[in-house]
1. Among the residues of the range A:194-239, write down those that are open to solvent by less than 20 Å² (accessible area, probe 1.4 Å), more than 8 Å from chain B (Cβ to nearest Cβ) and acidic (Asp, Glu).
2. Within the range A:112-130, which residues are surrounded by fewer than 19 Cβ atoms within 10 Å (Cβ to Cβ) and within 13 Å of another protein chain (Cβ to nearest Cβ)?
3. Identify all residues within the range A:280-297 that are farther than 12 Å from residue A:329 by Cα and surrounded by fewer than 19 Cβ atoms within 10 Å (Cβ to Cβ); write none if there are none.
4. Please enumerate the residues belonging to the range A:10-41 that are in contact with a Ser or Thr (Cβ under 6 Å, 6 or more places away or on another chain) and either free of Cβ contacts under 8 Å to residues at least 60 places away in the same chain or over 19 Å from residue A:99 (Cα atoms) (or both).
5. Output the residue which, of all residues in the range A:394-408 that are more than 8 Å from every other protein chain (Cβ to nearest Cβ) and either acidic (Asp, Glu) or surrounded by fewer than 24 Cβ atoms within 10 Å (Cβ to Cβ) (or both), is farthest from residue A:234 (Cα to Cα).
6. Find the helices (runs of 4 or more DSSP H) located wholly in the range B:178-283 whose residues include 3 or more that are under 30 Å from residue B:396 (Cα atoms) and modelled with pLDDT of 95 or more, and list them.
7. Checking residue B:342 against (1) modelled with pLDDT of 95 or more; (2) farther than 30 Å from residue A:112 by Cα; (3) away from chain A (no Cβ under 14 Å), which test does it fail?
8. Taking the range B:156-190 only, how many residues are surrounded by fewer than 20 Cβ atoms within 10 Å (Cβ to Cβ), within 7 Å of chain A (Cβ to nearest Cβ) and more than 24 Å from residue B:210 (Cα to Cα)?
There are 2 protein chains.
Amino acid sequence: MKRTLIVRIPELVGEKVKIAGWINVRRDHGKLIFIDLRDRSGVIQIVIIPDNEEAYQRAREVRDEYVIEVEGLVKKRPGGQSTEKLETSSVEIEVEKMKIISRVEGELSFEVSSKKLDVNIQTLLDNRNLSLRNKRVNDIFKIYSQILKSYNDVMRENDFLEIKSPKILSTASEGGANFFKMEYFQGEAFLAQSPQFYKQAGVGAFERVFEIGTVFRAEPHFTTRHVNEYTSFDAEMGFIESYADIMKQLTQVMKRIIRDIQKNCASELAEYESELFVPDEFPKIKLTEALEILKKEFGKEMEGIDIDPEGERLIGEWAKKTYNSDFIFLTHYPSSIRPFYTMPSADPQYTESFDLIFKGVEIATGGQRIHDYNQLVASIQSHGLKLDDFKHYLEIFKLGIPPHGGWGLGSERIVQKVLGIKNIKEVILFPRDVKRLTP
Amino acid sequence: MKRTLIVRIPELVGEKVKIAGWINVRRDHGKLIFIDLRDRSGVIQIVIIPDNEEAYQRAREVRDEYVIEVEGLVKKRPGGQSTEKLETSSVEIEVEKMKIISRVEGELSFEVSSKKLDVNIQTLLDNRNLSLRNKRVNDIFKIYSQILKSYNDVMRENDFLEIKSPKILSTASEGGANFFKMEYFQGEAFLAQSPQFYKQAGVGAFERVFEIGTVFRAEPHFTTRHVNEYTSFDAEMGFIESYADIMKQLTQVMKRIIRDIQKNCASELAEYESELFVPDEFPKIKLTEALEILKKEFGKEMEGIDIDPEGERLIGEWAKKTYNSDFIFLTHYPSSIRPFYTMPSADPQYTESFDLIFKGVEIATGGQRIHDYNQLVASIQSHGLKLDDFKHYLEIFKLGIPPHGGWGLGSERIVQKVLGIKNIKEVILFPRDVKRLTP
C-alpha cells in the first residue's frame, strides 16, 4: 500500500489507508490510545484499541516525536474526544497495523505540540531541530518559501534574468568595513557583502538582472534586526529614466509578494493575526521631510541628516496613520551617507536614492547609480577612496553602460514584519550572529 | 515616447518608435550609415541618411558598444544590405533622432559582434564584461537562468520546501579536507562545502526540502570541471523506501530541465548544435558492472573499486551507444569512498548511493542516508572520525528521523554539458579558481 498524505484523509472515509509521520501527542483515554500524527501536510487523530494487541503494544511504547507508519480504516469521527481543533477533525483512523520507524533518544527539551512555544530565543535556537517541528515555527518557513517563489516569479515576469554572482572577492570594496576575511590558498580573500558590483556588470550584459543569494556582514552588533549572514533579494535594471522607475518596480514586487502570501498562506497569516495595509501606490517623502515630521509629530530630533531605527519606527507609524500604508519610501539621502556609486541629485548634497520602510523597519535600499565612467572616477576620489581598489569595477563603465539602478531587499525582514516577529533570528533556519555559529 | 524592445519592431511597420541599446556594429555604405543596434531582446538594423544632419553627425561619432537611443520610422526592408541574418531582418528603422547615452573609454579588446569569439579562455574571462555581450556567450546565461527556474518549479511541484541554510560553519565537517577557513570575529569559521547536514535537518522539520545555494570547495586543482565556488542544486526527501526513490525523483528533475530548455531556449540550443538524448528512464548499472564494461569494451582497468573522469567519459559513451541515453546512473559505490552518513547496502562493503553521469561527466551524487542515531554513531566511529566533531549533527537524529536521502547536483555542469562547452568556467558569470579572484 502506498502512503497517503494526511491532508487527503478526510476524502477517504470507509477506505483503508497507510500514513506515516511524527507523533505530535499521545493521549491515553481509558483503554483507548489516541495519537495525533503529523506529516508535512497536516495532523490527524488515530485510535488504537486494546483488541488489536500488537498495535496496542507498540502504541504504549511510543512517545512524542517518534516516527511511525500506520495502516487503518478512515472513519467519521464520533466527536468530543479531541482536545484541539484539527483541520482533519471530521475523521479519524482506526489503526490496524503500526510500525515504529524511528525513535527518540533521550528527553525532548520541550513539547512541540503546544500552540505557542513558551521558550526564550536561546533555547529556541539551541534546539532548532526540535523547535522547527512546532507548527507555529514551521509555518514561518512555509511563508518564507512562498516569498522566495514570489520574488523569482515577479522578477522573471518583468524580464529580469536570474544570475549567480561570486561570493569570494579579491578586495574588500565599497569602503572596506564589515567584511569577513578568509584564507584563499596562498593568499587571502573577502566574502561579498552584496552582489552590487556584479549586478551592475549584469546590466551591461543583460539590461535587467536579479539575484537571490547569501550575503555576509561582519557587523559586530547584537540587535533584533541584524544577523551576519542572510539572503538578499537583489535587482538591477538598465535604461531607466530616473530612480522613480526603481521604486515603481520595487512597489510591484512588494505588492506581488504580499498578494501571493495572502492568497497561498492565508491560514498561516491568520495564525499570526497578521494585518497588512498595502496601498496601490506607496507614499514617498524626502528624508529631510521625514526628519521634520519626526520633530513636529513626535518631538524627536536627529543629529545631522540621517534617521535611526527608532525614527524609522515612528515614520512607519506616521505612514500607517496618514496613508493607511505599511510601506513608505524615504528618498534623497545625503551623498555623505550613501556609497560612492550613488547618483547625485541636481543638488549634489543629496542622492537619487531611497530606503523602503515596511512596518517601521528598513527592508530595502536602492536608487540610481552613476553610469558615466568619468563621473564615477571623480566620485571615488571625492569619497576619499583609492581608484586602484576599484580597478575591476571601473572596467564595467568603460564599455558603455546605460542609466541604471536597483535595490537590495532583505528577504528575512519581509517575513519578520509580515508576521510581527520580534527577532529576525526566529525567521532564519539556522541563524548566525557574533556568538552563534551552531547548530 | 516610450522605449520599444527591438523584438517587437517587426510588428510596427509604418510607425514611429523609440529604441535604445548598444551598437553591435556600424557599417558605412556609400553615404549611408547602417548600425546593428542590440538590446536585451534582439538586434535590428537602423539607417542614418546624410540629409538628417544632426543624427548623421552623431552616427559618424559612435563606435561599437556605445549606448544610444534613437527615434525613427519602422520600414519594410529593401533587402540586400544586411551582412548577417537577423531575426528582425524584414524591417529596419530610418533614424530621425539619435542620442548618445554612454560612450566607450579606450579600445575594446575584441569585437563582440562576431558570431564566435576567437579568444582563449584567459582573455575571455579577463574581459568578462565585454565577452558577456557576445550573443553566443550571452545565450549561456539565458539557458542557465531557465535551468534555475526549472529546478525551482519542479521541486515545488513535488512538494519540496525551498530553504536557505547557513554558509558559515563552526567546524570543517565531513572529514575536514577542502574547506576554506575564515576569520569570524575573535575566532575562526569555515565555509560550507555543501548544505548536507542542514538539508537532513530539514527532513525532520519539513520532510522534503530543496536548496539552490553557493557551495565553496578549497580544491587546489585546475581542471575543466572544477571551480572553487559554484551553485549547487540540493534536495533531501523523507519517507523513502530506498535510494531508488531518489533516483526516480532526480530523473524527473533532469527530464523537466531538459524539456524546459528545449521548449524555451530552442534557438540558443540550435546555435550550439546541441543534441540531447533523454530516454524516459535512465539506465542504471552498478559501479562494479561499469568497471567490467570499461575493462571489456575499452581495455581500461581501474585501481580498486572507483572510477576516474576518463572512465566516466567512456561509460557515458557506452550508455549512448547501448541505450541511446545521455544519462546513466552508477550505483553502489563502496563505503570506503563514500561519506560516513551514506546508508550501507545489505553487503556493507557497498552503499545505497549513486552518481548520475550526463554526457560522460558526473553531474550529481546522491543516495540514501543513515537515519538511525545509533547506526550513525557507529558509522562515524568506524570511519575513524571523532564523535565530538558531529555533536550538533547527531542532535538531528535523536529526534526521530524517517528513512531519507537526496542529492547534490552541480547546476553549472548541466549547462556545460547541454551546450558541449569545454571548460566549466565559461558557463559561470565570474568564475573563481585557485588563481582567479577577479574580475
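1. Passing the criteria: A:211, A:234, A:236.
2. If the condition is that a residue be surrounded by fewer than 19 Cβ atoms within 10 Å (Cβ to Cβ) and within 13 Å of another protein chain (Cβ to nearest Cβ), then A:126 is the only one that fits.
3. So the first thing to find is which residues in the range A:280-297 are farther than 12 Å from residue A:329 by Cα, and the list is A:280, A:288, A:291-297.
Result: A:280, A:288, A:292, A:293, A:295, A:296, A:297.
4. A:10
5. A:394
6. Per the criteria, B:196-206, B:243-264.
7. The failed condition is (2).
8. 3
The values are calculated or read from the model by the stated rules, or taken from the named source; none is laboratory data. This is a predicted model, so every value here is computed, not measured. FYI the Cβ positions are ideal-geometry reconstructions off the backbone, even for glycines, and counts take in every protein chain you see. Ligands, DNA and RNA are stripped out before the accessible areas are found, and what is left, the full protein with its side chains, is counted by its heavy atoms. Shrake-Rupley method; radii C 1.70, N 1.55, O 1.52, S 1.80 Å.
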